[in-house]
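This report refers to the structure that appears directly beneath it.
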């Protein structure tokens, strides 16, 4: 299933507790990033079991350390995981790194991947949207259950990229928008995900 988004606003998840027999382990990649951090924050509120993946060791709750480029580290953090929220920094290596993650998910027996893609991935073959399209195609051919999210932008990016000088903040802290909006947290709700 593919979700297309315009400018995304705050997604409020229902605060539910899953019965013990229905608790599936979720791995959130990119846990130190804007989107991954918000997904982790929302999962923490639901009580759903999860691991938060960082490239460098972290003291954060539920932290695990792995790198998409290191298959052994991915194998280690994917042990016992049913669902993966997959997001990567917008770098030229995105295709190779996320493809490595998808292959590791297949090998580890993951059941479902929620891919944070980009609006235009199906329409624009160049640059950033084109990179995401390649990853989407890899995921669709993998045999895994999947949900693809194609957000356009996030409210916090308006502040981060368009008006950083207008946001009062302490030195070395990141600005926060009033609506820390992440459409993708909707997909991580412990409710059943739409299947392909």
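For segment 78-145, compute Rh as the Kirkwood radius over C-alpha pairs and then the Stokes-Einstein diffusion coefficient at 25 °C and 0.890 mPa s; write the answer in µm²/s, rounded to an integer. Mind showing how you got there, number by number?
Values: Rh = 12.0 Å.
In µm²/s, the coefficient rounds to 204.
Subtract the Cα-Cα distance of residue 32 and residue 82 from 0.36 nm times their separation in residues, and report this length gain in nm to one decimal.
Details: separation 50, 0.36 × 50 = 18.00 nm, distance 2.11 nm.
15.9 nm is the gain from fully extending residue 32 to residue 82.
If packing is taken as the average count of other Cβ atoms within 10 Å, what order do 56-67, 98-109 fall into, highest mean first?
Numbers: 56-67: 13.9, 98-109: 19.3.
Ranking, from highest mean packing down: 98-109, 56-67.
By counting other Cβ atoms within 10 Å of each Cβ, how are 123, 96 ranked from fewest to most? Don't jump to the answer; show the numbers that get you there.
Numbers: 123 9, 96 16.
Lowest count first: 123, 96.
Can you list the equivalent-ellipsoid semi-axes of segment 14-140, largest first and in whole Å, using the square root of 5 times each Cα gyration tensor eigenvalue? Provide the component values of the computation, followed by the final result.
Details: eigenvalues 117, 51, 42 Å².
Over the Cα atoms of segment 14-140, the semi-axes work out to 24, 16, 15 Å.
Read-outs throughout are calculated quantities, based only on the coordinates presented, and are distinct from any laboratory measurement. None of the values given here were measured: they were computed from a predicted structure. Neighbour counts run over all protein chains shown; Cβ positions are idealised from the backbone, glycine included.
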